[in-house]
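Colleague: Quick one: the structure is below, and I'll ask about it shortly.
The values are calculated or read from the model by the stated rules, or taken from the named source; none is laboratory data. These numbers come from a predicted model, not from an experiment. Cβ coordinates were reconstructed from backbone atoms using ideal geometry, including for glycine residues, and neighbour counts include every protein chain displayed.
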Amino acid sequence: MIRLSVVVVAALIAPEIQADAPPLPNSFGGETPLQWSVRMADSEMARRGDSLAWKEGGKAKWDYASGLFTLSLLKLNERVSNPRYVRFAESAIGSFISPDGKIQGYQVEDYSLDNINPGKTVLALWQITKDERYKKAAALLRQQLDVQPRTSEGGYWHKQRYPYQMWLDGLYMAAPFYAEYAKLFDEPADFDQVAKQIWLVAQHTYDEKTGLFYHGWDEKKQQDWADKTTGTSSNFWGRAIGWYAMALADVLDFFPSDHPARPEIIATLKKLSDGVMKYQDPASGLWWQVVDQSGRKGNYLEASASSMFVYAMAKGVNRGYLSRDHVPAIVKSYNGIVDTLIKTNANGSISLTQCCSVAGLGYGRNGTFEYYISEPIVENDLKGVGPFILAGIEVQELLGLPMTAGKEQGTMPSRE
């Protein structure tokens, strides 16, 4: 049987759409997506200096946002080789790891899935440097998943302090690390466990009416934010759905091509993408902090969710998981981020504006619309910066542009 590519199939079944589609842009605001990624990476490294590195008595923590940013630097380094990106990641993440693989500030007893996320950078650094302390640290994080508290169905609690709760966020924090570890160290049974986590959170958080996913689910239905019938939270927070979108796109990098759960994971990514596309702001191409409440007073177009959706969907198209029908929405959103949310500073650096600082559930956070719009709006939150860098890499490939940043590479000053 002849297997046709997604692009060929799309052209055959909808030639008039292909023929009438406007030409794709080569640049946004005068620069390619990869150039924007390099500018953002260089800008953020200059802003942060060594503030993410561990020091005795310092403020830096083993943190999922630092893990996301450093991973984006290492992914960028794969396309536009720059030793500064690796050195920054080694400083920010490697500084926490002792020769025996112990991690400063990490407590397995917290059973926090957030703490697993920097493990992706740890695995990347081990593959780059072959330093055994990274392998040992990754094994320590992997061991947490064996003893992570679980719901009655086997779903990981988000943290010890969030009992019987699954959050969309947690799938990004742990699932891609778990899948990559399984691939690198030949533990094929673990792919079944990764697939189970993805399936369980989809089963409990997906809303058929809107096509969106709720932020969290409480098995016991006891939390003040939980619906007493379904256990779900009450709103569709953009970044939570973005975390899940990136998780789905990233785990597929490591899943065996013949794993029985792979088609279901791809189908879930498609379902998520189709759902969020219905709520894309038609003017800017961006997505709202509370996704389905466009224009409601206090709601705003949010940078991290928009960047996450662009990254996950562009990667989905590039890998053949999604059809090119998604390309116009992806390009419109990326253009909207550059046009609306990127600010050029006096020193030539750039900033990403309109990032939700943080949001969660429980401990006074009741999951209402009013709650989500009440959290601080900041610039250059790493939870937005990292996905913006990753999005640029994927959009560059989506547009068929060469994987070079040209003259823009490395132009921002370093504070190393």
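Colleague: Name, by its number, the condition in (1) farther than 19 Å from Leu140 by Cα; (2) crowded, with 21+ Cβ neighbours inside 10 Å that does not hold for Asp258.
Modeller: (2)
Colleague: Sort out which residues of the stretch 192-240 are crowded, with 21+ Cβ neighbours inside 10 Å and farther than 19 Å from Pro163 by Cα, and write them in order of number.
Modeller: Selection gives Val194, Leu212, Phe213, Asn235, Phe236, Trp237, Gly238, Arg239.
Colleague: Another question about this same structure. Do we find a residue being in contact (Cβ under 8 Å) with a residue 40 or more places away in the chain and in a strand (DSSP E or B) anywhere in the stretch 366-382?
Modeller: Within the stretch 366-382, one or more residues are in contact (Cβ under 8 Å) with a residue 40 or more places away in the chain and in a strand (DSSP E or B).
Colleague: If I filter the stretch 63-75 down to residues being surrounded by 23 or more Cβ atoms within 10 Å (Cβ to Cβ) and hydrophobic (A, V, I, L, M, F, W, C), which single residue comes out as nearest to the chain's Cα centre (by Cα)?
Modeller: That would be Leu68.
Colleague: Let me ask something additional. On the given criteria, is Val108 out of contact with any Pro (no Cβ under 9 Å at 6 or more places or on another chain) and more than 16 Å from Gln197 (Cα to Cα)? Give the steps one after another, and end with the answer.
Modeller: Values: out of contact with any Pro (no Cβ under 9 Å at 6 or more places or on another chain): yes; more than 16 Å from Gln197 (Cα to Cα): yes.
Taking the combined requirement at face value, the residue satisfies it.
Colleague: Test Gly362 against the stated conditions and say whether it is surrounded by 15 or more Cβ atoms within 10 Å (Cβ to Cβ) and in contact with an Asp or Glu (Cβ under 8 Å, 6 or more places away or on another chain). Quick ask: steps written out before the conclusion?
Modeller: Numbers: surrounded by 15 or more Cβ atoms within 10 Å (Cβ to Cβ): yes; in contact with an Asp or Glu (Cβ under 8 Å, 6 or more places away or on another chain): yes.
In short, yes.
Colleague: Got at least one residue in the stretch 242-261 being acidic (Asp, Glu) and touching a residue at least 40 places away in the same chain (Cβ under 8 Å)?
Modeller: Let us first name the residues in the stretch 242-261 that are acidic (Asp, Glu), namely 250, 253, 258.
Subset that is touching a residue at least 40 places away in the same chain (Cβ under 8 Å): 250, 253.
Checked against the condition, which is being acidic (Asp, Glu) and touching a residue at least 40 places away in the same chain (Cβ under 8 Å), the stretch 242-261 yields at least one hit.
Colleague: Please indicate, with yes or no, whether at least one residue in the stretch 397-406 is assigned to a loop (DSSP other than H, G, I, E, B), at positive phi and modelled with pLDDT of 95 or more.
Modeller: Going through the stretch 397-406, the residues assigned to a loop (DSSP other than H, G, I, E, B) turn out to be 399-405.
Now restrict to residues that are at positive phi: 400.
Okay, now just the ones that are also modelled with pLDDT of 95 or more, so 400.
Taking every residue of the stretch 397-406 in turn, at least one turns out to be assigned to a loop (DSSP other than H, G, I, E, B), at positive phi and modelled with pLDDT of 95 or more.
Colleague: Next question. So how many residues does the stretch 56-92 have that are without any contact (Cβ under 8 Å) to a residue 40 or more places away in the chain and not in a helix (DSSP H, G or I)?
Modeller: Of all residues in the stretch 56-92, those without any contact (Cβ under 8 Å) to a residue 40 or more places away in the chain come to 56-60, 77-78, 81, 83, 89-90.
Next cut, not in a helix (DSSP H, G or I) only: 56-60, 81.
Going through the stretch 56-92 one residue at a time, the tally reaches 6.
Colleague: Related question: So Ser323 ticks every box in (1) closer than 19 Å to Tyr279 by Cα; (2) of a type in the set (Ser, Thr, Tyr); (3) at pLDDT below 95 but one. Which box is left unticked?
Modeller: (3)
Colleague: Okay, next question. Could you check how many residues of the stretch 262-283 are assigned to a loop (DSSP other than H, G, I, E, B) and surrounded by fewer than 18 Cβ atoms within 10 Å (Cβ to Cβ)?
Modeller: We begin by selecting, within the stretch 262-283, every residue assigned to a loop (DSSP other than H, G, I, E, B); these are 278-283.
This time we only want the ones that are surrounded by fewer than 18 Cβ atoms within 10 Å (Cβ to Cβ), so: 278, 281-283.
Summing the residues that are assigned to a loop (DSSP other than H, G, I, E, B) and surrounded by fewer than 18 Cβ atoms within 10 Å (Cβ to Cβ) in the stretch 262-283 gives 4.
Colleague: Here is a follow-up. Assess whether Gly386 counts as being at pLDDT 95 or above, touching a Ser or Thr at 6+ places or on another chain (Cβ under 6 Å) and outside any loop (DSSP other than H, G, I, E, B).
Modeller: Values: at pLDDT 95 or above: yes; touching a Ser or Thr at 6+ places or on another chain (Cβ under 6 Å): yes; outside any loop (DSSP other than H, G, I, E, B): yes.
Answer is yes for this residue.
Colleague: Taking the stretch 289-303, which residues are outside any strand (DSSP E or B) and buried (at least 17 other Cβ atoms within 10 Å of the Cβ)? Step through it out loud before you land on a result.
Modeller: Our first condition is that a residue be outside any strand (DSSP E or B); within the stretch 289-303, this holds for 289, 291-300, 302-303.
Selection gives Gln289, Val291, Asp292, Gln293, Asn299, Glu302, Ala303.
Colleague: Picking from Ser351, Ser306, which residue would you name as being at pLDDT 95 or above and either in a helix (DSSP H, G or I) or among the β-branched types (Val, Ile, Thr) (or both)?
Modeller: On the way: Ser351 fails: either in a helix (DSSP H, G or I) or among the β-branched types (Val, Ile, Thr) (or both).
Unique residue meeting the criteria: Ser306.
Colleague: Select from the stretch 27-46 the residues that are of a type in the set (A, V, I, L, M, F, W, C) and either assigned to a helix (DSSP H, G or I) or touching a Ser or Thr at 6+ places or on another chain (Cβ under 9 Å) (or both) and list them in ascending order. Can you show your working first?
Modeller: Initial filter on the stretch 27-46 (of a type in the set (A, V, I, L, M, F, W, C)): 28, 34, 36, 38, 40-41, 45-46.
Matches in the stretch 27-46: Leu34, Trp36, Val38, Met40, Ala41, Met45, Ala46.
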